[in-house]
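To start, the structure under review is shown below, and the notes come after it.
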Amino acid sequence: MEKYIPVVVIKELSETDKIMTALKNNGINCAEITFRTACAAEAIAYAAANYPDMEIGAGTVINAAQCEAALAAGATFIVSPGLSPSVAKICNERGIPYYPGCVTPTEIMAALELGITTVKFFPANVYGGLKALKALSAPFPQVKFIPTGGVDRSNIDEFLAFDKIAAIGGSFFVKESLDKLEAGK
């Protein structure tokens, strides 16, 4: 798994090349393309076909139908804002990593019962940030977290220094990468 998971919202398929190129140029070989737009599955299929050296996943997957569409498009991992047992079942049957959003002990226990040991912690800033992650790690030492929401350059190093962080998710990676691309760096 990459240490950085850019949360990518593609509103028009034509944006895909620019965003993927910007991420690659910035040393990021991963993208979580969200299911928040009508062209999400098409963008995942395009990115998977045209950027085979990048890990292309689907984000904001909230049900089995979206999961099936994402996997059919070529997604290699699935991310949800919450925990969906039906999405977990599909991913487990196909050997696809699933990172559900879990912020409470009950949600983490439900994920563990489904065999999931890496969870998205979203929105990290609302649910207590690094302090909360450290507290949750005590009763769940086997769990790794992907904090997303409220993580940025001002606090990313602090999060990455904690050994229970599997990766950092965020849309700010896309903005940074596009800014560098447009600046010619």
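Things worth noting here:
- The one condition in (1) hydrophobic (A, V, I, L, M, F, W, C); (2) free of Cβ contacts under 8 Å to residues at least 12 places away in the same chain; (3) within 25 Å of residue 92 (Cβ to Cβ) that residue 79 fails to fulfil: (2)
- For the stretch 148-185, the set of residues classified as farther than 22 Å from residue 136 by Cβ and of a type in the set (Lys, Arg) consists of 153, 175, 180, 185, listed by residue number.
- Complete set of residues in the stretch 129-175 that are open to solvent by less than 30 Å² (accessible area, probe 1.4 Å), part of a helix (DSSP H, G or I) and touching a Leu at 6+ places or on another chain (Cβ under 8 Å): 159, 173, 174
- Number of residues in the stretch 23-57 that are open to solvent by 10 Å² or more (accessible area, probe 1.4 Å) and either assigned to a loop (DSSP other than H, G, I, E, B) or hydrophobic (A, V, I, L, M, F, W, C) (or both) equals 16.
- Going through (1) in a helix (DSSP H, G or I); (2) exposed (fewer than 13 other Cβ atoms within 10 Å of the Cβ) one by one, residue 126 falls short only on (1).
- Conditions (1) surrounded by 18 or more Cβ atoms within 10 Å (Cβ to Cβ); (2) among the polar types (S, T, N, Q); (3) within 14 Å of the chain's Cα centre (by Cα); number of the one not met by residue 76: (1)
- Spans of helices (runs of 4 or more DSSP H) in the stretch 64-121 with at least 3 residues under 28 Å from residue 50 (Cβ atoms): 64-73, 85-94
- Some residue of the stretch 114-123 being of a type in the set (A, V, I, L, M, F, W, C) and in contact (Cβ under 8 Å) with a residue 60 or more places away in the chain: no
The values are calculated or read from the model by the stated rules, or taken from the named source; none is laboratory data. For clarity, every value in this text was computed on a predicted model and none was experimentally measured. Please note: Cβ atoms are built from the backbone with ideal geometry, for glycine as well, and neighbour counts cover all protein chains shown. Note: accessible area is taken over every heavy atom of the protein model, side chains too, but ligands, DNA and RNA are not part of it. Shrake-Rupley method; radii C 1.70, N 1.55, O 1.52, S 1.80 Å.
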